[in-house]
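What follows is one structure encoded as structure tokens, with my remarks underneath.
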Amino acid sequence: MSDRFCHRCGHRATTDANFCASCGAGLLIDGGDLTINITSDADIAESDVTVQIPHFADGPGVLVVRRGVEGAEAGDVYTLDKSVTVAGRSDESDILLDDITVSRRHAVFVRSADGYVVRDVGSLNGTYVNRVSVTEATLVTGDEVQIGKFRLVFLVGE
């Protein structure tokens, strides 16, 4: 088995790995397509979800639900193709996360020429990036964004 290296931290990863064992970043697959395996918190093999994201390198950033509840289930993909994408519990949200732990207008994802930023917009339970509470954070591929009980993995082509 040949090795490859994490684009974020440089840690060696085997070719069958989907996430870096050191920093948790999603590992890119040659050719621009990306397949990620998302495992729920349960230790049940049947709970694994495989998500195929075609033409990954050419498109906008995406959020893939790693752990969700009603309204967004593990494996759901949200494309961040607007300049501002709103995530929250409101029916008017671009990303509807229907759970009491999510504020009606919880966070926004801002797309610019420099990349993507997530901003908490005064939510009650806060927004977390890689398990650290943030009011605003620049996102890189593999970052985990937590909004309420939902955990979403951010991915963008290089």
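The values are calculated or read from the model by the stated rules, or taken from the named source; none is laboratory data. All values derive from a computational prediction rather than experimental measurement. Here the Cβ is made from the backbone with ideal geometry for all residues, glycine too, and neighbour counts use every protein chain on show. Areas reflect the complete protein model, heavy atoms only, side chains present, ligands, DNA and RNA absent. Shrake-Rupley method; radii C 1.70, N 1.55, O 1.52, S 1.80 Å.
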The stretch 73-158, dipole about Cα centre (Lys/Arg Cβ +1, Asp/Glu Cβ -1), debye to the nearest 20
260
Taking every pair of Cα atoms in the stretch 55-138, average 1/r, invert it to obtain the Kirkwood radius, and report Rg/Rh to two decimals.
0.94
What's the carbon and sulfur percent of the stretch 74-157's accessible surface, probe 1.4 angstrom, rounded to a whole number?
45
√(5λ) per eigenvalue of the Cα gyration tensor, the stretch 101-156, largest first, Å
18, 12, 9
